[in-house]
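The values are calculated or read from the model by the stated rules, or taken from the named source; none is laboratory data. If you're wondering where the values come from, they're calculated on a predicted model, not measured in any experiment. Neighbour counts are summed over all protein chains in view; Cβ atoms, including those assigned to glycine, are modelled from backbone coordinates with ideal geometry.
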Amino acid sequence: IGNIRVCCRIRPFLPGQKRKHSIFEYIGDNGDLIVSDPFKRGKEGFRSFKFDKVYSPEATQAEVFSDTQPLVQSVLDGYNVCIFAYGQTGSGKTYTMVSGPDGATEEEWGVNFRALNNFFRISQSRESNFTYEISVQIVEIYNEQIGYYIHVASKILVIPDLHTLGILSTSQPNGLAVPDASIHVVKSTSAVLELMDIGLNNRAKSSTAMNERSSRSHSIVSIHARGLDLKSGSSLRGSLHLVDLAGSERIDRSEVTGDRLKEAQHINKSLSALGDVIFALAQKNSHVPYRNSKLTQVLQSSLDGQAKIVMFVQLNPDASSYNETLHTLKFAERVSSTVELAKMFVS
Ligand code: ADP
Ligand code: MG
């Protein structure tokens, strides 16, 4: 155990934000975090939390990646690694996972491009002993339906009308349990950038409803590595799943109806199912409730066994987000305090 890490990342204030008073009272080097209720005076409103790590608003993309880099690298040794970004819309999930703002410089690259660069660099350095094949798969889950990207005549097409795909009960080793999503073998980071660009452009070009939807859907980028040991002839497989979760904000039931309500219910259900699964895994329960959502079903074979899990908990610093932030912290605390508990039982 100890394979689940919970790390918070506090987003900086954005250029347009007028009030720049942070609700975070204290950010410790060792994972301590104190948040203060903007509606209460002084220490009465303080709440403290402890996580594996808390990144301050000044933390760079490079810094955030360097801590997960050893885990990412273990994929080339045959491990399964799942990295999640959890938080309300606008808290920096996509920034951490995918890249910086439009036309991002390499410094602003998020976890996924850095991970790929790392894979290609290491596979090159091991060239005389190993041959690796790296492939990428992109899947989206919206309203408990699975969307996927397919490859037609060297173009990547996003399937905008999401079909309900069957989930294989016995999935390929390390793979996502989505049979129809195509897998692309890639030879360099720029090839992946190209692939993602087409995917992302397709997303942006289509209607506003589609853009809006991206915060209401879970997006999973899976990178598969297959290695062949040239001396022994044995092979290994590892995978890295990068999951940009749907916005965790709660929606006032009294104010929404119809599609928005349905979306909110699906998101709630799948995020709490994810929390339950991580909870069960951390406690080494014999029953892990994967079946309760498409998200956990699809990731099942990548989460069980020796899988390593990182949860980036994204936080907004402003007073108006306080309630959501507290809600996010409580989710994170539940997941990470079980990890602590599990560690105690083991030692
Ligand atoms: P989410 O995916 O959670 O909805 P985004 O990643 O889109 O949130 O972030 C919202 C905005 O904040 C974007 O404009 C993004 O560029 C910016 N942002 C988020 N995190 C950071 C950060 N650490 N440094 C600078 N800008 C950030
Ligand atoms: Mg996003």
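Here is how the numbers come out for the structure above:
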read-out: Wholly enclosed strands (runs of 3 or more DSSP E) of the range 27-113 bearing at least 3 residues not hydroxyl-bearing (Ser, Thr, Tyr); value: 32-36, 46-50, 80-86
read-out: Failed condition for Gly92, given (1) surrounded by 18 or more Cβ atoms within 10 Å (Cβ to Cβ); (2) on the phi < 0 side of the Ramachandran plot; (3) touching a strand residue (DSSP E or B) at 6+ places or on another chain (Cβ under 7 Å); value: (2)
read-out: Scope the range 215-245; condition of a type in the set (A, V, I, L, M), buried (at least 21 other Cβ atoms within 10 Å of the Cβ) and more than 16 Å from ligand 2 (Cβ to nearest atom); matching residues; value: Ile223, Ala225, Leu240
read-out: Given (1) at pLDDT below 90; (2) surrounded by fewer than 16 Cβ atoms within 10 Å (Cβ to Cβ); (3) more than 15 Å from ligand 2 (Cβ to nearest atom), number of the condition Asn117 does not satisfy; value: (2)
read-out: Selection status of His266, at pLDDT 90 or above, assigned to a helix (DSSP H, G or I) and surrounded by 20 or more Cβ atoms within 10 Å (Cβ to Cβ); value: yes
read-out: Candidates Ala332, Ala307, Ala280 - the one that is closer than 25 Å to Tyr132 by Cβ and not basic (Lys, Arg); value: Ala307
read-out: Residue that is modelled with the lowest pLDDT, among those in the range 59-107 that are within 12 Å of ligand 2 (Cβ to nearest atom) and polar (S, T, N, Q); value: Ser99
read-out: Selection status of Glu324, in a helix (DSSP H, G or I), modelled with pLDDT of 90 or more and either within 15 Å of the chain's Cα centre (by Cα) or not hydrophobic (A, V, I, L, M, F, W, C) (or both); value: yes
read-out: Members of the range 1-52 that are crowded, with 19+ Cβ neighbours inside 10 Å and over 26 Å from the mean Cα position of the chain (by Cα); value: Ser36
